[in-house]
Each structure stands twice: as C-alpha cells, then as structure tokens.
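Presented below is the structure to which this report refers.
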Protein chains: 2
Amino acid sequence: MSRIEDVAKAAGVSTATVSRALRGLPKVSEQTRAKVLAAATELEYVASPTASSLASGKTHVVGVVVPYVTRWYFAGLISGASEVLREHGFHVLLFDVGDEGPQRALLLDSRMLFKRVDAVLVLSLRLHEAERELLCRLNIPVVTVGVPDPNWPCVRIDDLGTTQQATEHLIGLGHTRIGYIGGDTVPSMDFPTPADRARGFRDAMARHGLDVEPSSVVMGDWSPLSGLTVGLELLGRPDRPTAVVAASDELALGILAAARQLGLRVPQDVSVVGIDDHEMAELYGLTTIAQPVVEQGRMATRLLLSAVAGLDTGHDVATVPTTLVLRTSTAPPTQP
Amino acid sequence: MSRIEDVAKAAGVSTATVSRALRGLPKVSEQTRAKVLAAATELEYVASPTASSLASGKTHVVGVVVPYVTRWYFAGLISGASEVLREHGFHVLLFDVGDEGPQRALLLDSRMLFKRVDAVLVLSLRLHEAERELLCRLNIPVVTVGVPDPNWPCVRIDDLGTTQQATEHLIGLGHTRIGYIGGDTVPSMDFPTPADRARGFRDAMARHGLDVEPSSVVMGDWSPLSGLTVGLELLGRPDRPTAVVAASDELALGILAAARQLGLRVPQDVSVVGIDDHEMAELYGLTTIAQPVVEQGRMATRLLLSAVAGLDTGHDVATVPTTLVLRTSTAPPTQP
DNA sequence: CTGAAAGCGCTTACAG
DNA sequence: CTGAAAGCGCTTACAG
C-alpha cells in the first residue's frame, strides 16, 4: 500500500501538505488540495492509523467495557454507543470482562487501555477500587452508564422510581397483597440498582400504608429461568399475593411462565408488572416500566465525545425518564 | 508515563535489550532480564501499543464484524470470540455495521480496517462484492461464521439438517399436516441460511411422501413479533396444520404466543418445534434443535488465531453438530 | 548475549 | 500557503 510520501511525490508537494490537505485542515489552497486529493485517490492512499496515532497521540478509539454482551440491556447499550461512535469516526474497542469478582482484577489492567483509547465508556459495571484508580490515572474522559461514580458523569434511569411507579400502578388497581421479585441474591453496596429497585417497592408500599410480608419478597439473578424458579415459590403458596412487581422483564417473563405452570390466569388470578420493556414483553402482553436502553448508550457516548473534544462535562448524573406501558398482564384483583 | 528509554537508563542497558527482555524473547541473560523487569515495575512502564504496532506491523487487534449486536445469536458469537481473543492477548475491535443493503457499502470501507487489525472475523454477514474484495486485498486472515465464502474458512451449522431433523421429529410423532415459518421475507442468494432451512423442511416432507400445502409455508423476519403475526395467520385457519416447524426459536416463541391468543393448547392442539435453543426456549418448554452459538464463536476465533500465527488453515467449512432437545411443545397429533 | 542505528509512517511546531 | 526537520516510542536486522 502507498505511503504519504508516495502521495507527496505524485502531487509534487511535501508530506506535511498532504497531511493537512487530506485531513481538511485550513490554510491549504484549493488548488493544492485538489492535486493532493487526486493523487491520494489515484494511489488508493489510506493513512496508517498506528502511525498517525503515534504522531498525534489520538487513537480515535473508545474503549467500551461491559460485564456481558449477551444480556439484552448491555447489547442495547453497546448498539447505541457504537452507532454514535461510528457517526463521529470513532472505533469501538470492546472489553467483555465478565462480572466475576476478584478474578477480574487482572482483566481490566493498565495494558489493556493505556495509550490504546481516547476515552472509556463503562457500562453498568461495578468497578473494583483498583480499576477505578487505574481509570483515573489514565487521565482520559470516562462516562458511566447505570452506576453513578463520583469521578465521572453518568447516564442512568431512576431505579428507585421504576419500581415505585410499578408498585403504585398495582396499588391504583386495588391490590394490597403485592409481592416483589428482585434481581440480586447477593446484595452489594457497589451495585446500587438491585437495592434501589427493592427500595422503590418498599417505599411505595409504605407510603400507602400497605404491609410487605417478608415471605413475599424473593430474589433471583435477573435471568428468566430464575424468575421461573422463584415465581413458582412465590405463587405456589396458598397465601400468594394478588400481584407481583418484578425487578426486570426477564424476571417477569419467568413469573408468567410460573403462573402458567401453576394454572393461574394472568391477570385474573395474578397481575404481573416488569421493568425494561424487553423485546419479548410485548409478545406476552407484559405491563412494564419502559427504559430507553439504546438511547442511554447514545447519550452517554455523546457526553463522552464532548469530553474528548475538550468540553467540560462535569460529574453530573443524567437521569432519563421511564414510562409505564400498559398491557394485559395487570388488572384489578378479582377478590378484593 | 515512562518510556522505554527511561527503563533502559534505570536498568543500565539499551532500549533494544529492554524490548527483548520484556517480551520474553530468548538470548537475554537471566540477570539482565531481572534487572529490566525490576526497573520496568518500578517505573510502572507499559509499552505504547501504537508505537510497537508501527514498528512491528502487528496490532494484536482483531476486527469483529456483525450486522447486529442485539440479536441473541450474534451476542453469543461475540461473547465466544471475545473470550478466546482475550485469552490470547488480543483485543476486539467491534464493527456493528447493520444489515442494510446498499447504504452499508461505505461503512465497511478500507479505512476502517486497514493497518488497524491483524485479522477479521465476519459473523454471519452477507458481504457485498466490494467488501469481499476489500477484505481480500487487506491480505490478512479472515474467518467467517454462518455464511460460507470461497475465499476463507467458515464455521457454521448444517442449516439444511436442522429443519430436516425438526421436521422428521414431527413426522415420527405421526404428524402429516405440518406448517413452516421461515425467517426471510426477501430471499437472497447471498445469505443461504433462510433458503437452506426452508429446503430442509421440504426435503424431509418429500422424503416421507408428505404434501406441503403452499398456504402452510409463511415468512417472518426472525423476530418474535413477526412470529406472532404469521403464527396468527397460519394457526387461525380452519385447516390449520397440526404441527409447525419454525426457522428459529425467536419465531417459535411468537408462534406459541399466537397459539395462546387463539386458545389453542400446545402440544395437544398444535405442536411447535424451533431451531437454536434460545435462553427462553427452556422457559416455555419449547422443543428445539440446539446449536452451540458461543462455541462457534470460539472455534472460529481459534481458527483465525492459527492463521495469524502463520498456520495454513485452508478454506474449509467446519460444520458443528446440532442436537434435538425434547421438551413439552411437541407430541403426537390428537386426531390422526 | 548486547548495543547502535535505522526505520515504521505519520503530525506538528517552526520558519519562511 | 508551504516545506524541512524533529519527534512520537517502539522493534529489528546487523554487527560485535
């Protein structure tokens, strides 16, 4: 492949001029620019990204760090981020690091990111303290999604609000015995989403003077199958609740399956409401609190690119709104 | 951050020796290596990836090109590929290019990949002729998944075999009026999966002397929602089939939803079999032909890395086996 | 086993 | 508006 010097010779100018002309920098005469473009096209010249990165210090690559690519939420975030990055001529270096605790320490180490990316997008990942320090010392823009961090801006939804809204929807329909299926078997301080959603449920119940029976709050691991398991447990009891709030649609779909297995009709025998508006929610008529996942990926990326461009983006938390989507899985209780 | 020269000075050796020692190259005395390692650790030295790429011509980055990250199948492939690449010290540059026809031409252009990656993984993407040429001219290893290409090795399943196997399962149960829901509204020669799967169904029917009524073969777009739509159409008729083969589990889940809406019991009134073994298949008791998606991502990546290492991997198509997973969505027809 | 030096292919002040 | 030259930070024959 041809190098910048070949183009310079062909156009009869210096390599500096070729560099300026091809990047659209000002202070190049139209005539010269045309000559250079013609030569570059003729020679099928493409600048070597490694060489220009070394010289300029810019890679035009953004690191995108996720715990899983296979979960609906993360795939949506990646999709939104990738779209905006591509529009702006940036590339995506994907780090699918897993969510394992200590053993991940080595995965996100300095050699992975150092000098390799211009900025980092951290998608709903509970960072270890060492990782947080590392990211700080990289001294490049960082934006997080889902999990606020004092060091950087964050885009997220109001987790507390989602389950509040879901719970109040059920209360508004007349339910009083309401169960909750959460998404974390091992509550941890550094990943607030599960705790926040659980608290949203309890807050709403308390505000309306309703009791929460300890046995009607159960925990899964966010997957549909665990929703089935804990759903069977919760709905299999004689004193089962008349309605259930699930911390995610994937859990809620598991609960719908559990209801079906137990011969319970939805919504006549039990109402179910989820969080997310997953692709499958519409299929199963699941009432849910919709969150704009792809759009959160886009927003975070726009913020990140502003920071790359030198703008001060602060450390604010941007909270995007969620909306109640009414379908057929919720209705007033039949025996009030 | 410190440069190689700082380490060289601190260790009292040349930069060439630092480079060799740190990369574990032979012909460095243990004593020297120890000195260098100590100095590097002390200075927290990390080699600049751009500088070493420019000097060596190797980036240790692999381009992973997909049409979508949000579909189950692609997320699984990415996950498997990413895992193997990380184990071998390679990075993932993700290209989420979309599946739009002509307008994608510009997306996968030479500047995206040229000198940026050591190899490319093409995940179930119908390449345009221009893209194919471009990839060839890059002169780096390429492996495809799902769609065979004469230029490169491919990892895939036997698409024909999946629907054959699914159809023969239904025939074995005694069904004779069997419908088919395919995954492509616009059949195209360059993406053989939809056509192969449809043919597998027809072949199996023909082999057993069974008729395929034209009206019992309908097409969706792979999504669960389109499965619902065409499922309502297919199962809503008085002469509906007693069993349905779906080209994917996502379509099959839509059909299950259609059956439910129509008040049909599964499997008593209609049997349904899918392809994939999607996460949700187990939840809904869907009988299916399982394909190992993550493993296909891993296999293709191992093949790619062999080629990067200089081994001749040929242009073979590796076909990985699929297996029938029996659940509760299929049974003998009630009125034979 | 080790070092001096060229080279990878750009970009960027600096000078004009 | 344009060019000569230094520099980005490594790796790699080559020589010893």
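The values are calculated or read from the model by the stated rules, or taken from the named source; none is laboratory data. Here the structure is a predicted model, which is why all the values come from computation and not from measurement. Neighbour counts are summed over all protein chains in view; Cβ atoms, including those assigned to glycine, are modelled from backbone coordinates with ideal geometry. Please note that ligands, DNA and RNA were not included when accessible areas were found on the heavy atoms of the full protein model with its side chains. Shrake-Rupley method; radii C 1.70, N 1.55, O 1.52, S 1.80 Å.
Data table
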read-out: Conditions (1) farther than 30 Å from residue A:4 by Cβ; (2) open to solvent by less than 40 Å² (accessible area, probe 1.4 Å): number failed by residue A:72; value: (2)
read-out: So residue B:32, is it in contact (Cβ under 8 Å) with a residue 12 or more places away in the chain, surrounded by fewer than 18 Cβ atoms within 10 Å (Cβ to Cβ) and either near DNA strand D (Cβ under 10 Å from one of its atoms) or over 42 Å from the mean Cα position of the chain (by Cα) (or both); value: yes
read-out: Residues within segment B:136-195 that are among the acidic types (Asp, Glu) and touching a strand residue (DSSP E or B) at 6+ places or on another chain (Cβ under 7 Å), tallied; value: 2
read-out: Enumeration of residues in segment B:50-69 that are more than 16 Å from DNA strand C (Cβ to nearest atom) and open to solvent by less than 30 Å² (accessible area, probe 1.4 Å); value: B:61, B:62, B:63, B:64, B:65, B:66, B:67, B:69
read-out: Residues of segment A:48-73 satisfying the condition of being closer than 17 Å to residue B:68 by Cα, hydrophobic (A, V, I, L, M, F, W, C) and modelled with pLDDT under 95; value: A:66, A:69, A:72
read-out: Subset of segment B:35-63 [within 12 Å of DNA strand D (Cβ to nearest atom) and hydroxyl-bearing (Ser, Thr, Tyr)]; value: B:45, B:48, B:50, B:52, B:53, B:56, B:59
read-out: One residue from B:37, B:43 being touching an Asp or Glu at 6+ places or on another chain (Cβ under 6 Å) and not assigned by TED's automatic domain parsing to the domain that holds residue B:127; value: B:43
read-out: In segment B:218-256, the residues that are of a type in the set (Gly, Ala, Ser) and under 26 Å from residue B:157 (Cβ atoms); value: B:220, B:223, B:226, B:227, B:231, B:243, B:246, B:247, B:248, B:252, B:254
read-out: Strands (runs of 3 or more DSSP E) enclosed by segment A:213-290 - at least 1 residues per element that are more than 10 Å from every other protein chain (Cβ to nearest Cβ) and open to solvent by 20 Å² or more (accessible area, probe 1.4 Å); value: A:217-219
read-out: Scan of segment A:16-29 for residues that are at pLDDT 90 or above and either touching a helix residue (DSSP H, G or I) at 6+ places or on another chain (Cβ under 7 Å) or within 12 Å of DNA strand D (Cβ to nearest atom) (or both), ordered by number; value: A:16, A:17, A:18, A:19, A:20, A:21, A:22
read-out: Residue match in segment B:148-170 (condition: open to solvent by less than 10 Å² (accessible area, probe 1.4 Å), away from DNA strand C (no atom under 16 Å from the Cβ), free of Cβ contacts under 8 Å to residues at least 60 places away in the same chain and in a helix (DSSP H, G or I)); value: yes
read-out: Unique residue being more than 25 Å from residue A:87 (Cβ to Cβ) and modelled with pLDDT of 95 or more when the list is B:89, B:80; value: B:80
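Okay, residues lined up against (1) open to solvent by 30 Å² or more (accessible area, probe 1.4 Å); (2) modelled with pLDDT of 90 or more; (3) among the hydrophobic types (A, V, I, L, M, F, W, C); (4) assigned to a strand (DSSP E or B):
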position	(1), (2), (3), (4)
A:133	yes, no, no, no
A:137	yes, no, no, no
A:140	yes, yes, yes, no
A:181	no, yes, yes, yes
A:193	no, no, no, no
A:203	yes, yes, no, no
A:211	yes, yes, no, no
